[in-house]
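Undergrad: The structure that follows is given in the form of structure tokens.
The values are calculated or read from the model by the stated rules, or taken from the named source; none is laboratory data. Fair warning: this is a prediction, and the values are worked out from it, not measured in the lab. Here the Cβ positions follow ideal geometry from the backbone for every residue, glycine too, while neighbour counts run over all protein chains shown. Ligands, DNA and RNA are stripped out before the accessible areas are found, and what is left, the full protein with its side chains, is counted by its heavy atoms. Shrake-Rupley method; radii C 1.70, N 1.55, O 1.52, S 1.80 Å.
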Amino acid sequence: MPIQLFDSLERKLKSLAPSHTDGVFRFYNCGPTVYAPAHIGNFRTFVVNDVLRRLLELEFGADKVKHVRNLTDVDDRTIGQTQKEKRPLAEITKKWTDKFHADSDALNCLRPHVEPTATGHIREQVDMIEVLIENGNAYRAPDGSVYFKIASFPEYGALSRIKERELKVTNSAFDADHKDDIGDFALWKAYKPEEDGDVQWPGPRTAAAGRPGWHIECSAMIKKHLGETIDLHTGGVDLLFPHHENEIAQSQCCNGTTFARHWYHSEHLLVDGTTMSKSKGNYYTLSDLVEKGYSPMAVRYALLMGHPRKQLNFTLESMHAAESALGTLRKAWARFATTASATANKPLAAQDSAPVSRLDRVIDALRDDLNTPAALGGLFTAMNEISDGTATFADSVAFGRALSILGIDLSEKQNFSIPMEIFALAEKRWAAKQAKDFAAADTLRKELATAGWSMLDSKTDYKLEPLKKA
RNA sequence: GGCGCGGUAGCCAAGUGGUAAGGCCGAGCUCUGCAAAAGCUCUAUGCGCCGGUUCAAUUCCGGCCCGCGCCUCCA
């Protein structure tokens, strides 16, 4: 069964396969703008793409997948941030790039093979813009900016069906006030001293100095790192229009070939039933959730609980469910891993086929349009079957493989430290318990709870855990 | 107004023309000084509403109600 993914352009499921003779599957995922911490809605897309990357590597081979994801490090928002903070652009984008990497790592997302930046590809962008001007697809505006002329590209709107839409004409849509047509978009923005600080580069021939428009960076970086035709282009739905529509226009007019053979868009993450925004105060970053006591792995799990092409409503309750589910998996795996080791000496062939196929339902669910909730369900179904004490070595291997495709790391990472006074209280309680002074032990347990800690006894030992914050 | 998506148990969620995966929560049992943990067991005669097609619909068709997203900041 090949990997099938919904194609946003043709609006149907299509099989994925490399088209280049080298057999390398080329895919590009639109990355973050590094002017602030990425929120978990952003990470939904990146986690989904990470599962896709892992699945592709399983399918085509680890060395037969080339994954490129950009960093937008110059645009209205990054520049706006430099003005707000009165700091150099590079300093701000470095800070948030580092944070993005740290969060991605914590979420167990594989780094893309190439992570190009917009500022690192000014030359490539200018080159493309010049070709577009020469081809008559772009024009210089009076202020020295350059715009793409959508009327010059008949297929414009195929992806987003923009021709069937009514463009809402507002004043802000005409912000640039130099466009010939409301649908035209900026390829190059002329330098504005009062807004842009010291951010500017020499522009395309005939244009003013300034900076690239947002859309052109992806077209230029894709051309450089993946070629003129790529096998898959992904991103969040919000990028479908205008960003991806514009990329198609730019690239196809410049290169004269099909830009992306397949388009895939993941849906929005909602919070409390509505889209995330700072003004609504429903804006979570990874750090926010870690601060509340949730593990990054639980965040990843929570982001995979919904089908990637369906809106997913994120709540703290779902975080709790994710954390619990992860705990169940962790304990079950530990349990049957030990029973599996007992069978490890048996010949593999004798125990291979059936058990491995039990876990195939996880991979199969993923192959079927990246159905992550079904994959997670399959994981538990298999787990329940294996947990009856009959787990074999092959089960254990297959289970581990299924987990790794989902990028779920079950190793326990203690992300808290125990303050000395808490440890002292716990020791005191343990001593009281050993002395069978249960009244004192209970009082101490309450004290620990008040301080935000829970003490878990076993026969010979105890464990301290912080209570979850609301 | 235009484009699109969704409504399945307390919550999340998959799925199929032939009678509902899975997770969380909850309950019961075992275990246990307490509290947990762990293990086992249980939890939708029904899939927004109304019609239609069909031997059979949650699954197809039509209408309606409700929710959400997008329409040039946006993963």
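Undergrad: Helix-derived [θ] at 222 nm for chain A: sum -39500 (n - 2.57) over DSSP H runs of at least 4, divide by residue count, nearest 500? Could you put the intermediate results ahead of the total?
TA: Values: 16 runs with 208 residues, N = 470.
Helix contribution divided over all residues of chain A: -14000 deg cm²/dmol.
Undergrad: Same structure, new question: Using the beta-carbon distance between A:T21 and A:S417 and R0 = 60 Å, what value does 1/(1 + (r/R0)^6) give for FRET efficiency, to the nearest 0.05? Present the calculation step by step, with values, prior to reporting the outcome.
TA: On the way: r = 54 Å, r/R0 = 0.90.
Here the calculated transfer efficiency is 0.65.
Undergrad: While we're on this one: Expressed as a whole percentage, what fraction of the accessible surface of the stretch A:4-266 belongs to carbon and sulfur atoms when a 1.4 Å probe is rolled over the protein heavy atoms? Can you show the working numbers first?
TA: Numbers: 5370 of 10670 Å².
On the stretch A:4-266, the fraction of accessible area on carbon and sulfur atoms equals 50 percent.
Undergrad: Show me A:89-95, A:419-425 ranked by packing, highest mean number of other Cβ atoms within 10 Å first.
TA: A:89-95, A:419-425
Undergrad: Still on this structure, I have one more. Straight-line reach from A:K64: which aspartates and glutamates have a Cα under 19 Å away, not including same-chain ones fewer than 8 places off?
TA: Candidates past the 8-residue exclusion: A:D22, A:D50, A:E115, A:E228, A:D231.
Undergrad: When the accessible area of the stretch A:420-466 is computed with all protein chains present and a 1.4 Å probe, what percentage of it is carbon and sulfur? Please list the in-between numbers first.
TA: Values: 1840 of 3120 Å².
Its accessible area is 59 percent carbon and sulfur atoms.
Undergrad: Follow-up. Looking at the stretch A:355-421, which chymotrypsin sites (Phe, Trp or Tyr not before Pro) are DSSP coil and have at most 13 other C-beta atoms within 10 Å of their C-beta?
TA: Working: sites: A:F380, A:F393, A:F399, A:F416; in loops: A:F416.
Sites meeting the loop and neighbour criteria: A:F416.
Undergrad: Okay, next question. In this model, which of A:K94/A:K331; A:K99/A:K446; A:K94/A:K310; A:K94/A:K179; A:K99/A:K223; A:K94/A:K224 are farther than 30 Å apart at the alpha-carbon? Please list the in-between numbers first.
TA: Numbers: A:K94/A:K331 39 Å; A:K99/A:K446 38 Å; A:K94/A:K310 33 Å; A:K94/A:K179 33 Å; A:K99/A:K223 27 Å; A:K94/A:K224 23 Å.
Over 30 Å apart, Cα to Cα: A:K94/A:K331; A:K99/A:K446; A:K94/A:K310; A:K94/A:K179.
Undergrad: For the stretch A:252-313 and the stretch A:61-81, compute the distance between their C-alpha centroids and round to whole Å.
TA: Cα centroid to Cα centroid, the span is 16 Å.
Undergrad: Could you work out how far helix A:393-406 tilts from the main Cα principal axis of chain A, as a 0 to 90 degree angle to the nearest 10?
TA: 40
Undergrad: Sorting check: for A:53-62, A:432-441, which peptide has the highest mean count of neighbouring beta carbons within 10 Å, and how do the rest follow? Please report the intermediate quantities before stating the final value.
TA: Working: A:53-62: 17.6, A:432-441: 12.9.
Averaged packing, sorted descending, gives the order A:53-62, A:432-441.
Undergrad: Per 0.36 nm of contour for each residue apart, how much would the distance between A:E291 and A:M1 grow if the chain were fully extended, relative to their Cα-Cα spacing? Could the numbers behind the result be given before it?
TA: Working: separation 290, 0.36 × 290 = 104.40 nm, distance 4.20 nm.
Result: 100.2 nm gained on full extension.
Undergrad: Calculate the dipole size of chain A relative to its Cα centre from +1 charges on Lys and Arg beta carbons and -1 charges on Asp and Glu beta carbons; express the result in debye to the nearest 20.
TA: That gives a dipole near 1040 debye.
Undergrad: Further, regarding this structure: Among A:S396, A:L316, A:A302, whose Cα lies farthest out toward the positive end of the dipole of chain A, if unit charges sit on the beta carbon of Lys, Arg (+1) and Asp, Glu (-1)?
TA: Looking along the dipole axis, the top candidate is A:S396.
Undergrad: Could you state the number of Å between the C-alpha centres of the stretch A:409-470 and the stretch A:368-382?
TA: Between the Cα centre of the stretch A:368-382 and that of the stretch A:409-470, the gap is 36 Å.
Undergrad: Say the dipole of the stretch A:420-466 comes from +1 at the beta carbon of Lys and Arg and -1 at that of Asp and Glu; which of A:A426, A:L464, A:F438 then lies farthest toward its positive end?
TA: A:F438
Undergrad: Further, regarding this structure: At 1.4 Å probe radius, can you tell me the per residue accessible area of chain A in Å²? Please report the intermediate quantities before stating the final value.
TA: Details: 21230 Å² over 470 residues.
Each residue of chain A exposes 45 Å² on average to a 1.4 Å probe.
Undergrad: Looking at the stretch A:441-470, which trypsin sites (Lys or Arg not before Pro) are in a loop (DSSP not H, G, I, E or B) and have at most 16 other Cβ atoms within 10 Å?
TA: A:K459, A:K468, A:K469
Undergrad: Using only protein heavy atoms and a 1.4 Å probe, report how much of A:I133 is accessible, in Å² to the nearest 10.
TA: Surface accessible to solvent at A:I133 totals approximately 50 Å².
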